Structure formats: structure tokens, C-alpha cells
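> Take this structure first; my questions come after.
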């Protein structure tokens, strides 16, 4: 009885692609084939613009971003649907697509564990999920690498970064994370975030992991603004 009701619901209220608002076919998973093939992929074989943002700030082995970001573009619509539309399955699927590309790079064969940038408990309760954790879940599925969500804790609830200057953003996130030494010590850790602007939050998270004894830390983000 459940299946017929589900079929009727899908007929009356078809699931639409967040990229173009077209109804999804049964064979399509979260994104239509048109939007999936049109993703503005910017992942390269070597680290590029993303890692350059961290030169002189924190020691990263490598850093990659999956998508180019443009306001009102496809990547922004996807990120908005994940973060504000609460589309958890889309976040996981984007992680899988990211993972498919990452699996082509030699770097990702040496990753021991994936760590998503954590939210403060109060924000996690309010939102109900951590989008970076869901992206990391999909990424880990494709790479065959475990995702560790308890090793790094966000100690401080920071104010919004949106209208802050670059210097203010760095000060706002200084020493806001705590990392368990026993879990990540001696390992190559991949830190995952959804979107990078100045990179201040990611920098603080990476430094905390390095201070806890990680052998190497690399970074991956879905998009870079």
C-alpha cells in the first residue's frame, strides 16, 4: 500500500531538480542529467587557487575545490538548496560527485580519515544538520575513507561572518576548535567544508588538527567564493 501512495505523491508533487526546477526522472539522483553535466567543475590535478589562500597562514599539504562559484549561478543554487532548503540528500550526492573526481587524483589514495568542519552545538540544533558532514559522507563513500565527526569540537559560537572584513573574520574564528589528539595523531587528514570565502574558519580548524599531532592535513571544499 505504501508504494502506490508514494507513486501518487510523486505524480502530484514531482521532485524537481534544484538547479533548473525541472521534474526529476526516476533514473536521476537529486540533480537532473542536464545540470549534472553542466556543473562548473574546477578540480585540477594539482592544488591551485585554494591552497594559495593559505600560504603563510597554515600548513596544508594540498587543497582542492570542486566547483566554481558565481552569484545566481548553478553552484550557488545548489549550495542554497543544501544550506537553507535543508536538502540533505543533495549534500550527500554532491559529496559523491566530488569524490568521483577526487578518486582520479593520487593525493586521495593517502588520506587516512575525513573530518568535516564542525558546527557549534547550538547552530547544529537550530539547523538540524551539518552540511559539511553530509558532503564528507558522500565523499567518504566514493573514496572508501572513514569520516570522523567527533575528533574536532567547535568550542565557540561565532557571530556571522557575512559582513566582516577579512581581518575581522580571522579574529572571529581564532582558536575556536579543539581536537582530540588520540584520534588524528600521525594521520593524513582531509578537512572538508562546503564553501570557502576568506578561509578563516577552515584555517582555524586545520591548525587545531595540526596542533593535535596530525601528520599531514589537506583540504577539500565544494565551492570557493
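> Taking the DSSP beta bridges in the chain as the whole, what percent of them are antiparallel, to the nearest 5?
Beta bridges within the chain, antiparallel portion: roughly 25 percent.
> Let me ask another. Give the span of the chain's Cα atoms along each principal axis, as three whole-Å numbers ordered largest to smallest.
Extents along the principal axes: 54, 38, 35 Å.
> Using label points projected 7 Å from each Cα along Cα→Cβ, tell me how many nm separate residue 182 and residue 122, to one decimal.
Each label point is offset 7 Å from its Cα along the Cβ direction, giving 3.0 nm.
> Mind checking the angle between helix 2-12 and the chain's longest principal axis? C-alpha axes, 0 to 90 degrees, to the nearest 10.
90 degrees
> Follow-up question, since we're still on this one. Given the -39500 (n - 2.57) contribution per DSSP H run of 4+ residues, what per-residue ellipticity at 222 nm results for the chain, rounded to the nearest 500 deg cm²/dmol?
-11000 deg cm²/dmol
> First check a/c for the range 49-175, with a ≥ b ≥ c the square roots of the eigenvalues of its C-alpha gyration tensor; if it is under 1.5, answer rounded, and if not, answer prolate when a/b is larger than b/c or oblate otherwise.
rounded
Read-outs: derived from the displayed coordinates by stated rules, not from any lab. A quick note: this is a predicted structure, and the numbers were derived from the prediction, not measured. Because the Cβ atoms are built from the backbone with ideal geometry, glycine has one as well, and the counts that use them run over all protein chains shown.
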